[in-house]
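In what follows, a single structure is set out as structure tokens and then discussed.
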Number of protein chains: 2
Amino acid sequence: MSKKIPHRFYLTEDQMPKQWYNLRADMKEQPDPMLNPGTLQPVTAKDLYPVFCEKLANQEMDATTRYVDIPEEIQEFYKMYRPSPLIRAYHLEKALGTPAKIYYKFEGNNTSGSHKLNSAIAQAYYAKEQGLAGLTTETGAGQWGTALAEACAYYNLPLTVFMVKVSYEQKPFRKAVIHTFDADIIPSPSMTTNAGRSILEKNPTTGGSLGCAISEAVEKAVTTPGYRYVLGSVLNQVLLHQSIIGLETKMAMDILEEYPDIVIGCAGGGSNLGGLIAPYMQDKLLGKASPRIIAVEPASCPSFTRGRYVYDFCDTGRVTPLARMYTLGSSFMPSANHAGGLRYHGMSPILSKLYHDGYMEAIAVEQTKVFEAATFFAKQETILPAPESAHAIKAAMDEALKCKETGESKTILFGLTGTGYFDMTAYNSYLDGSMTDYIPSDEDLQKGFDELPRIPGIQ
Amino acid sequence: MSKKIPHRFYLTEDQMPKQWYNLRADMKEQPDPMLNPGTLQPVTAKDLYPVFCEKLANQEMDATTRYVDIPEEIQEFYKMYRPSPLIRAYHLEKALGTPAKIYYKFEGNNTSGSHKLNSAIAQAYYAKEQGLAGLTTETGAGQWGTALAEACAYYNLPLTVFMVKVSYEQKPFRKAVIHTFDADIIPSPSMTTNAGRSILEKNPTTGGSLGCAISEAVEKAVTTPGYRYVLGSVLNQVLLHQSIIGLETKMAMDILEEYPDIVIGCAGGGSNLGGLIAPYMQDKLLGKASPRIIAVEPASCPSFTRGRYVYDFCDTGRVTPLARMYTLGSSFMPSANHAGGLRYHGMSPILSKLYHDGYMEAIAVEQTKVFEAATFFAKQETILPAPESAHAIKAAMDEALKCKETGESKTILFGLTGTGYFDMTAYNSYLDGSMTDYIPSDEDLQKGFDELPRIPGIQ
């Protein structure tokens, strides 16, 4: 007799995790170290201090501390919007006619609209603690910029957001939310930095990219006294903070006496995926269980499925350290018709290593299929998903339909990272039939690979 | 030693109310009956059948059934987004430096963005059960239209939404969400109905009003075979469905061993307010407790505080029955500079009667003050409120600041009905300083009163 599973399950406040989980502590092989692009030597925490807040730089380098205490102030902030619900998709299951059990962890019920707030408040807290004068960052679709603006407003910490120009122009309401939380926004590339001016000189009409915006935000941070730079994905520290997603999920599923056969997350830089899968990957690394873990990325920006596992810059302006990761090349920009976020050229080095070592799978999906899944899901489950999150929905629905064919009652877990309220332009283009798909040709991708850095003795 | 109060408190699924509460069953004096505008005789349920779904018409007239079973299918739907959290505003309290305890019931965490879904799913369910071919409705700010579109999509029930033209033009993304859920949207006034054509003839450039849109939606319903009309506020049936808000709140506060000294809700047509206060008003009617109950309305549309308690049409086209309520006259339209919803000319007859009989208070607030409170709240509590909801925030903050002066530790409860993600144009005008306030002059209001219906022997 199995336990009665509610539609929405919330941990109590007392059950909320008090520590983050550092996946690296259980990895048999570590990701290759970041390299200083000048010396080609491994970067140390101290090397990062001019760019990152010190405690965050230390977290970035720490591969051994398995559990990291969440500072009490951050726990207090988390309690304003966490725990997030673990939802059993009864209505979606019924509509699909599948014997599979579908669960999703929903991170969209906060004003930032996504999981990004989990790391934003941590990064703002450490910056405040260090007495910094302000922060800089970049944002693409705008979820990270909104989350960090919320976190900085809470601490009265000045913030400058470099927003990818095409988003800046297409999403006036995202800008308005960020303004409500007092942050400055600069469309990127801009004339306010050397990196921006140089990119604009080569390509005056560019709509920008995350890689460009990172270059500008880093430059602004290192040239403004008391400022540091923060990033919402890709980095080890961000995956650490996002482990709260997976820890809550696992605790909730344990209470419900459930364990996923398949764990699915969308993947851009890897922050949500890395957070959601953390405790399940731990089980896998420790040989305790062997769930399938699937990363879902857009076919138009396929870093896992068609990228190379090499050292690359994290930004377009080539000012950051080199990281070994799955990458399409830091000069890669997704096609202008790509609406759905997840447009970063690289991928979390931790996830890249785990994928390379065979601990997880990856698939790429086309955007019209993603929006088809998103609208179907919305009508069954009443939640309008972010396009990014809908990549995971699409994959989860496909797995559930396979179960329908085979008659298997698998337990499928996916991450619903956010809501799509600021993505209605993209939904409109899907609904009116003007949305198209784009799959880069091998020649398109080769251009990005041709500009990968050459590193004597390494690549 | 008082109980430890979590930041967010959720009932379990098993604790969710299985019945709605019908406030009229405990009222010592009933609201005056609706009148047929032709015969001036009290309307019967059967009179309403051509317009309303039968079970909803019956609920509209039922003043005696104290508790109404919530059909199981509606309970199942509720479980997708309910229970909503009862939140202790620890961070707001701290920022205000008040000894008051502030609680709010947050209804915004669903895709409709507000409490409106509570009644929308009920109305769609009864329509489906009756085998109707489709529904019509109107929407102003768009929350009701979105909620009903979600509910109708769930039941594959065709829906036509008449959207107040000024909102239709200012809120393209609201439209897009409604389209995602397959509903048709017509800007009102339109040329598709006699009511719309007649209004446009008199005033070709009008931006429309809820009153106009109601006229068109009713006409479309009664002239389309198998169609009925549904309304998202004002009506007794809507207050019945919305009682779920108050019932959940009271059960949660009972568990936390708390009881409010003051209950505050924003008031447009009264659906949220009537729902939130229902069980507390019951206590007051039965002499069990005497919390202060405060309705908060916009100074630009002050039906409680400056309206008349008389019979009036529910719509501008004068096709609906007459209801006795606080009204500014069905021809009243709020100033174009009014951004914050709550723009209906009348008020729930139930709430009107209770206010008239002294069971509750009402105040009117100006919109720049409302947005000031909204942005302050957002920075402390991380939730960007709907402008409508921010009326209640403003009043709650003022009461908390009074407690700071007097040193009293009152318990304040307010309803946070929704989120402001589709209201960023209004937020922008507040942030850039272009937002202005408008308080209608006595002469302005007199124009609406002059057009009130004359009813021999009554008014």
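The values are calculated or read from the model by the stated rules, or taken from the named source; none is laboratory data. Owing to the predicted nature of the structure, the values given are computational and were not obtained by experimental measurement. Positions of Cβ are backbone-derived with ideal geometry, glycine not excepted, and every protein chain shown enters the neighbour counts. Ligands, DNA and RNA are stripped out before the accessible areas are found, and what is left, the full protein with its side chains, is counted by its heavy atoms. Shrake-Rupley method; radii C 1.70, N 1.55, O 1.52, S 1.80 Å.
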TODO: First select every other residue whose beta carbon is under 14 angstrom from the beta carbon of A:Arg318; then total the charges, Lys and Arg +1, Asp and Glu -1.
DONE: -3
Open item on the list: Within 13 Å, Cβ to Cβ, of B:Glu372, how many net charges do the neighbouring residues add up to if Lys/Arg are +1 and Asp/Glu are -1?
Closed with: 0
Task: Shielding of A:70-80 by partner chains, average beta-carbon count, 10 Å - done: 2
- [ ] From other protein chains only, count the Cβ atoms within 10 Å of every residue's Cβ in B:419-427, then give the mean.
- [x] 5
- [ ] Over chain A, average the accessible area per residue using a 1.4 Å probe and give it in Å², no decimals.
- [x] 33 Å²
Open item on the list: Whole angstrom only: what separates the Cα centroid of the range A:15-35 from the Cα centroid of the range B:326-361?
Closed with: 57 Å
Task: Peptide ranges A:273-280, B:165-172 listed from the most packed, as the mean C-beta count within 10 angstrom indicates - done: A:273-280, B:165-172
Task: Whichever lysines have a C-alpha closer than 19 Å to that of A:Lys369, once near sequence neighbours (fewer than 8 apart) are set aside - done: A:Lys379, A:Lys394, A:Lys402
Open item on the list: Using the Kirkwood radius over C-alpha pairs as Rh, can you work out the diffusion coefficient of the range A:405-459 via Stokes-Einstein at 25 °C, viscosity 0.890 mPa s, in µm² per second?
Closed with: 146 µm²/s
TODO: Would you mind computing the Rg to Rh ratio of the range A:122-185 from its alpha-carbon coordinates, Kirkwood style for Rh?
DONE: 0.98
Task: Computed magnitude of the charge dipole of the protein assembly as shown (debye, nearest 20; Cβ of K, R +1, Cβ of D, E -1) - done: 500 debye
Task: Protection proxy ranking, peptides B:415-422, B:70-77, A:285-292, B:96-103, average beta carbon neighbours within 10 Å, highest first - done: B:415-422, B:96-103, B:70-77, A:285-292
TODO: Could you work out how far helix B:236-255 tilts from the main Cα principal axis of chain B, as a 0 to 90 degree angle to the nearest 10?
DONE: 10 degrees
- [ ] Report, in deg cm²/dmol and to the nearest 500, the calculated mean residue ellipticity at 222 nm for chain A, where each DSSP H run with n ≥ 4 adds -39500 (n - 2.57) and the sum is divided by the residue count.
- [x] -12500 deg cm²/dmol
TODO: Provide the net charge surrounding A:Lys250, with neighbours chosen by a C-beta distance below 11 Å and charges set as Lys +1, Arg +1, Asp -1, Glu -1.
DONE: -3
Open item on the list: Taking a ≥ b ≥ c as the square roots of the Cα gyration tensor eigenvalues, with a/c under 1.5 meaning rounded and otherwise prolate when a/b beats b/c, else oblate, which class fits the range A:69-202?
Closed with: oblate
- [ ] Could you give me the radius of gyration and the Dmax of the range A:335-459, taking only the C-alpha atoms into account and expressing both in angstrom?
- [x] 17.4, 55
Task: chain B: mean projected area of Cα convex hull, nm² - done: 20.6 nm²
- [ ] Take the alpha carbon atoms of the range A:214-253, find their center, do the same for the range A:136-202, and report the distance between the two centers in whole angstrom.
- [x] 16 Å
Task: Average beta-carbon neighbours from other chains, 10 Å sphere, peptide A:378-386 - done: 6
Open item on the list: Suppose we keep just the DSSP beta bridges with both residues in chain A; what percent of those would be antiparallel, to 5?
Closed with: 35 percent
Open item on the list: Given the range B:181-225, report the % of alpha carbon pairs whose separation exceeds 13 Å.
Closed with: 50 percent
- [ ] Pop out the carbon and sulfur fraction of the accessible area of chain A as a percent, whole number, probe 1.4 Å.
- [x] 50 percent
Open item on the list: Apply the Karplus curve 6.51 cos²θ - 1.76 cosθ + 1.60, θ = phi - 60°, to the phi angles in the range B:210-217 and return the couplings in whole Hz, x for Gly and Pro.
Closed with: 4, x, 5, 5, 4, 4, 5, 5
TODO: Compute the projected area of the convex hull of the Cα atoms of the protein assembly as shown, averaged over all viewing directions, and report it in nm² to one decimal place.
DONE: 37.8 nm²
- [ ] Using a 10 Å cut-off on Cβ atoms, rank the peptides A:336-346, B:22-32 from the highest mean neighbour count down.
- [x] A:336-346, B:22-32
- [ ] List nothing, just return the count: lysine pairs in the range B:124-263, 8 or more apart or interchain, with Cα separation under 26 Å.
- [x] 9
Open item on the list: If I take all pairs of Cα atoms in the range B:96-138, what percentage of them are more than 18 Å from each other?
Closed with: 51 percent
Task: Reduced Cα scattering model of the range B:184-259, Debye log10 I(q)/I(0), q = 0.15, 0.21, 0.25 Å⁻¹ - done: -0.64, -0.92, -1.11
Task: Debye equation applied to the C-alpha atoms of the range A:219-295, log10 I(q)/I(0) at 0.17, 0.20, 0.21, 0.22 Å⁻¹ - done: -0.67, -0.85, -0.91, -0.98
Task: Intensity falloff of the range A:153-303 expressed as log10 I(q)/I(0), Debye formula with alpha-carbon point scatterers, at q = 0.11, 0.16, 0.18, 0.20 Å⁻¹ - done: -0.59, -0.99, -1.11, -1.22
